[in-house]
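The values are calculated or read from the model by the stated rules, or taken from the named source; none is laboratory data. Everything numeric here is computed off the predicted structure, so don't read it as measured data. Positions of Cβ are generated from backbone atoms using ideal geometry, with glycine treated the same way; all protein chains shown enter the neighbour counts.
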Amino acid sequence: MATRNEHKLRELRGLIAGHELVPLPADVELPPETGSTFAENARIKARAAARASRQPAIADDSGIEAAALGGRPGVRSARFAGEHATDAENLERLLREVPADGDRRVSYVCALAYAEPDGREELFEGTCSGALAAEPRGTGGVAALDPAEKDAISHRGRAARMLVDWLETARAAAR
């Protein structure tokens, strides 16, 4: 997995059960996320991790797109309120910039890229759309849903299920 983020690893391990996910080795540096889309950034990270580790790699890029902001923050979701902003600070800025009486439609988007050292690639994208609440609720990232409900409808859960289906089909074809 092209990450050392323990939270993301734990979440994806639960979503991609039956397939071993290991964190990115400490000596592997990922290139900067210079893509203009989640898919481009996920591919950049997956390719780099696969080449460096000489193993198949999976990378995730995800965030939120607000209709009222023309799709922003998009790929800048993690840095929306500044380079080292917390999730709470990014959400605070989003709530401040999306007009209370305006278009509150938002979509969480996740791109999961799979890359092999020989150059083979696949991409899986999931989206979860809804309306931005007026203030934060819950602690699980998608309002007040419990983890099982969140995984069933979340952007990352949808992309992960597509990836698992593809991996299972590839595994069966290899037999």
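Would you mention how many residues in region 137-151 are surrounded by 13 or more Cβ atoms within 10 Å (Cβ to Cβ), modelled with pLDDT of 80 or more and not basic (K, R)?
Residues flagged as surrounded by 13 or more Cβ atoms within 10 Å (Cβ to Cβ), modelled with pLDDT of 80 or more and not basic (K, R) within region 137-151 amount to 2.
Can you find a residue in region 9-19 that is assigned to a helix (DSSP H, G or I), modelled with pLDDT under 95, surrounded by fewer than 17 Cβ atoms within 10 Å (Cβ to Cβ) and of a type in the set (G, A, S)?
Checked region 9-19: at least one residue is assigned to a helix (DSSP H, G or I), modelled with pLDDT under 95, surrounded by fewer than 17 Cβ atoms within 10 Å (Cβ to Cβ) and of a type in the set (G, A, S).
Filter region 20-53 down to the residues that are of a type in the set (V, I, T) and over 17 Å from F124 (Cα atoms) and list them by number.
Within region 20-53, V22, V28, T34 meet the criteria.
Would you mind finding the one in D103, D151, D165 that is in a helix (DSSP H, G or I), farther than 22 Å from G35 by Cβ and touching a helix residue (DSSP H, G or I) at 6+ places or on another chain (Cβ under 6 Å)?
Just one listed residue meets the conditions, D151.
Do we have L112 as in a strand (DSSP E or B), surrounded by 14 or more Cβ atoms within 10 Å (Cβ to Cβ), in contact (Cβ under 8 Å) with a residue 12 or more places away in the chain and not charged (D, E, K, R) here?
Yes: the conditions hold for L112.
Restricting to region 28-73, name every residue that is among the polar types (S, T, N, Q) and either more than 30 Å from E92 (Cα to Cα) or outside any loop (DSSP other than H, G, I, E, B) (or both).
If the condition is that a residue be among the polar types (S, T, N, Q) and either more than 30 Å from E92 (Cα to Cα) or outside any loop (DSSP other than H, G, I, E, B) (or both), then N41, S53, Q55, S62 are the ones that fit.
Select from region 57-71 the residues that are touching a residue at least 12 places away in the same chain (Cβ under 8 Å), farther than 21 Å from H7 by Cα and in contact with a strand residue (DSSP E or B) (Cβ under 8 Å, 6 or more places away or on another chain) and write down the one among them that is surrounded by the most Cβ atoms within 10 Å (Cβ to Cβ).
Across region 57-71, the extreme among qualifying residues is A66.
Could you tell me which of the residues V106, V22 is within 18 Å of R158 (Cβ to Cβ), within 17 Å of the chain's Cα centre (by Cα) and either buried (at least 18 other Cβ atoms within 10 Å of the Cβ) or among the aliphatic types (A, V, I, L, M) (or both)?
Result of the check over V106, V22: V106.
Residue by residue through region 79-92, note down the ones that are within 12 Å of P136 (Cα to Cα) and charged (D, E, K, R).
Passing the criteria: D87, E89, E92.
What is the residue count in region 25-40 for residues that are surrounded by 11 or more Cβ atoms within 10 Å (Cβ to Cβ) and either farther than 23 Å from G74 by Cβ or touching a Pro at 6+ places or on another chain (Cβ under 9 Å) (or both)?
Selection size over region 25-40: 2.
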